[in-house]
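Contents: one structure, followed by commentary.
Every number here is computed from the coordinates shown, using simple stated rules; none is lab data. As the structure is a prediction and not an experimental result, all values here were calculated from the model. Positions of Cβ are generated from backbone atoms using ideal geometry, with glycine treated the same way; all protein chains shown enter the neighbour counts.
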């Protein structure tokens with residue numbers, strides 16, 4: 001199956017250049033459809049970059065983003081040097097705590113194909 005997702009420019013570039021091996025998302029209904037072997041096309045919200053195609057090589061589900069961030073090496077999400085508080089603060093600008101409690105968090109392990 002194929003999926004389309006949008007990314008801000010910084011994470012888009014981190015995936016493109018191999019600095020980000022995991023994409024972090026809410027494990028909502030849309031992401032529950034993702035399986036290992038699927039492909040994802042990431043499009044930068046800036047629209048300046050060409051779409052980037054990746055293969056899903058692994059999925060890790062967590063009850064909370066805090067659990068995810070303490071398990072996944074921060075270098076693998078291009079956040080080396082960030083504190084847990086900084087990671088959570090950034091995440092909660094995108095997803096609410098209520099959404100996190102309802103769905104949990106998902107680390108999508110990816111490999112760039114393009």
Checklist line | Subset of segment 14-24 [surrounded by 11 or more Cβ atoms within 10 Å (Cβ to Cβ) and touching a strand residue (DSSP E or B) at 6+ places or on another chain (Cβ under 8 Å)] | finding: 14, 15, 16, 20, 21, 22, 23, 24
Check: Limited to segment 56-80, what total is found for residues that are crowded, with 16+ Cβ neighbours inside 10 Å and part of a helix (DSSP H, G or I)?
Finding: 4
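Could you check segment 15-24 and list, in sequence order, the residues that are over 22 Å from residue 66 (Cβ atoms), in a loop (DSSP other than H, G, I, E, B) and touching a residue at least 60 places away in the same chain (Cβ under 8 Å)?
First, pick out the residues of segment 15-24 that are over 22 Å from residue 66 (Cβ atoms): 15-19.
Imposing the further condition that a residue be in a loop (DSSP other than H, G, I, E, B) reduces the set to 17-19.
Residue satisfying the conditions is 18 alone.
Are any residues in segment 33-47 surrounded by fewer than 18 Cβ atoms within 10 Å (Cβ to Cβ) and in contact (Cβ under 8 Å) with a residue 24 or more places away in the chain, and if so, which ones? Working first, answer last.
Residues of segment 33-47 that are surrounded by fewer than 18 Cβ atoms within 10 Å (Cβ to Cβ), as a first pass: 33, 35-39, 41, 43, 45-47.
Of everything in segment 33-47, those that are surrounded by fewer than 18 Cβ atoms within 10 Å (Cβ to Cβ) and in contact (Cβ under 8 Å) with a residue 24 or more places away in the chain turn out to be 33, 35, 38, 39, 41, 43, 45, 46.
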Notebook entry, point to check: Inside segment 25-55, can you point out the residues that are under 15 Å from residue 106 (Cα atoms), in contact with a strand residue (DSSP E or B) (Cβ under 6 Å, 6 or more places away or on another chain) and assigned to a strand (DSSP E or B)?
Noted result: 25, 40
Item checked: Residue identified as over 15 Å from the mean Cα position of the chain (by Cα) and under 22 Å from residue 13 (Cα atoms) among 114, 76, 38 -> 114
Notebook entry, point to check: Yes or no: residue 106 within 13 Å of the chain's Cα centre (by Cα), within 18 Å of residue 7 (Cβ to Cβ) and free of Cβ contacts under 8 Å to residues at least 24 places away in the same chain?
Noted result: no
